[in-house]
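Visitor: Questions regarding the structure given below will be posed in turn.
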Amino acid sequence: MDTQEFLDQYVADLNEAVKSRNFVGLLQKWYALPDARLLFEHEEDGIQKAKRIWDHLLPKGLGGEDGPRDVFQEAYKIEDGRVFSWRALSGGSLPRPIYGMQETQFDDRTLISELVILSAQEKPEVEADPNVPRTRLGRIFNAFSDAFNDFFITGDSEILLEWVSDDIHMVLVNDFVGMGIMQHMMRIQEQVEFELRDWEQTGDNVYHVNIDFRNWGGLDALTVCDITVTDDWKISEMRQGLEIDRAASAQAQA
């Protein structure tokens, strides 16, 4: 197998797994288990770009024929206007709960100036401060949490706009190892289509790869990947970023 064949086959199998939801088979075929790692990072600044993430990339909605999704979220620590919480998203078409950590920074107007959403491979083990829900900021966060959970269920991001500052900084980080990578893939909506754009070799068994996707909640964008493979073409590490505006510019020129 050469690089072009490897990438063509991987993208084809990824598209098939998105439709069939057989991510277990995809991981077993293409990833160097049990130690393979997938790291996804994306940041946006400003309320409209943050709204673009909420509208397109977060795993929300009624869950189709499988029923609604349920969200549990708990704040466990507050430091310097920053609320630390964890949550579990379950139901709908998800075969198991998706866990996450969240850091919510409030400014001096009690608007959210930064929202950091981090993956959690398993249910987080945290030491909760029982006083957090009784503090002023804890109560404000719980009200925001109710609105955020309403958004997860309805998909209506307008609910969130009154809670955040115009210059909000939004961060998404998924970091998974082994079969936990499936939790990242479960977020991919069933109608999404991936297409290999181009690639270049940047080191021994390391490749910089651009993969377009279409129709992720109506969004088209470019996934930028740095992929490290073993000698037998198994992925040992994949680092992903997202370039939404670059993809939109390329489509406009075409």
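Visitor: Under a 10 Å cutoff between Cα atoms, tell me which one of ASP108, ASP220, ASP156 has the largest fluctuation in the Gaussian network model of the chain.
Guide: Comparing ASP108, ASP220, ASP156 in the GNM, the peak value goes to ASP108.
Visitor: Additional query: Treating cross-link reach as a plain straight distance, find the lysines whose alpha-carbon is under 29 Å from the alpha-carbon of LYS49, omitting any fewer than eight places away in the same chain.
Guide: Partners within reach: LYS19, LYS60, LYS77.
Visitor: Continuing with this model, one more query. Once fully extended, how much extra length lies between VAL171 and ASP70, figured as 0.36 nm per residue of separation less the alpha-carbon to alpha-carbon distance?
Guide: Between VAL171 and ASP70, full extension yields an extra 34.1 nm.
Visitor: If you don't mind, another one. Just the ratio, please: alpha-carbon radius of gyration of the chain over 2.2 N^0.38 Å, N its number of residues.
Guide: Dividing the Cα Rg of the chain by 2.2 N^0.38 Å gives 1.05.
Visitor: Which net charge results for the neighbourhood of ARG82, defined as the other residues with beta-carbon distances under 10 angstrom from its beta-carbon, given Lys and Arg at +1 and Asp and Glu at -1?
Guide: After counting each charged neighbour, the total is -3.
Visitor: Another one. Under a plain spin-label model, where a point goes 7 Å from the Cα along Cα-to-Cβ, how far apart in nm are GLU243 and HIS208?
Guide: About 0.9 nm, to one decimal.
Visitor: Cα centroid distance between segment 174-212 and segment 90-122, in Å?
Guide: Measuring centre to centre over Cα atoms gives 22 Å.
Visitor: Here's another thing I want to ask about it. With +1 assigned to the C-beta of every Lys and Arg and -1 to the C-beta of every Asp and Glu, and no other charges, what is the dipole magnitude of segment 10-54 about the Cα centre in debye, to the nearest 20?
Guide: 240 debye
Visitor: How much length is gained if the chain between THR154 and THR3 is pulled fully straight, taking 0.36 nm per residue apart and subtracting their Cα-Cα distance, in nm to one decimal?
Guide: 50.1 nm
Visitor: Run the quick spin-label model on ALA128 and GLU43: label points 7 Å from Cα toward the beta carbon, then report their separation in nm to one decimal.
Guide: Using points 7 Å along Cα→Cβ, the separation is 3.1 nm.
Visitor: Within segment 41-174, what percent of beta bridges assigned by DSSP are antiparallel, to the nearest 5?
Guide: Numbers: 31 of 37 bridges.
In segment 41-174, approximately 85 percent of DSSP beta bridges are antiparallel ones.
Visitor: Rg to Rh for segment 41-174: what is it, with Cα atoms only and Rh by Kirkwood?
Guide: Numbers: Rg = 14.3 Å, Rh = 15.1 Å.
My calculation of the ratio gives 0.94.
Visitor: Determine the shape class of segment 107-254: with a ≥ b ≥ c the square roots of the Cα gyration tensor eigenvalues, call it rounded for a/c under 1.5, and otherwise prolate if a/b is greater than b/c, oblate otherwise.
Guide: Numbers: a/c = 2.44, a/b = 1.61, b/c = 1.51.
Here segment 107-254 falls in the prolate category.
Visitor: Only Lys, Arg, Asp and Glu count, each charged at its Cβ (+1, +1, -1, -1), so figure out the dipole size of the chain about its Cα centre, rounded to 20 debye.
Guide: It comes to approximately 800 debye.
Visitor: For LYS19 and LYS77, calculate 0.36 nm times their separation in residues minus their Cα-Cα distance, and state this gained length in nm to one decimal.
Guide: 16.9 nm
Visitor: I would also like to ask the following. Projected onto the charge dipole of segment 1-64 (+1 at Lys/Arg Cβ, -1 at Asp/Glu Cβ, origin at the Cα centre), which of LEU14, ILE53, LEU39 gives the Cα projection farthest towards the positive end?
Guide: Most positive-ward Cα: ILE53.
Visitor: Which value, in debye to the nearest 20, describes the size of the charge dipole of segment 41-174 about its Cα centre when Lys and Arg Cβ atoms bear +1, Asp and Glu Cβ atoms bear -1, and nothing else is charged?
Guide: Its charge dipole is roughly 340 debye.
Here, each number is a calculation from the coordinates, and none is a lab measurement. Everything numeric in this text was worked out from a predicted model, so none of it was measured. Reconstructed Cβ throughout: ideal geometry from the backbone, glycine too, with neighbour counts over all protein chains shown.
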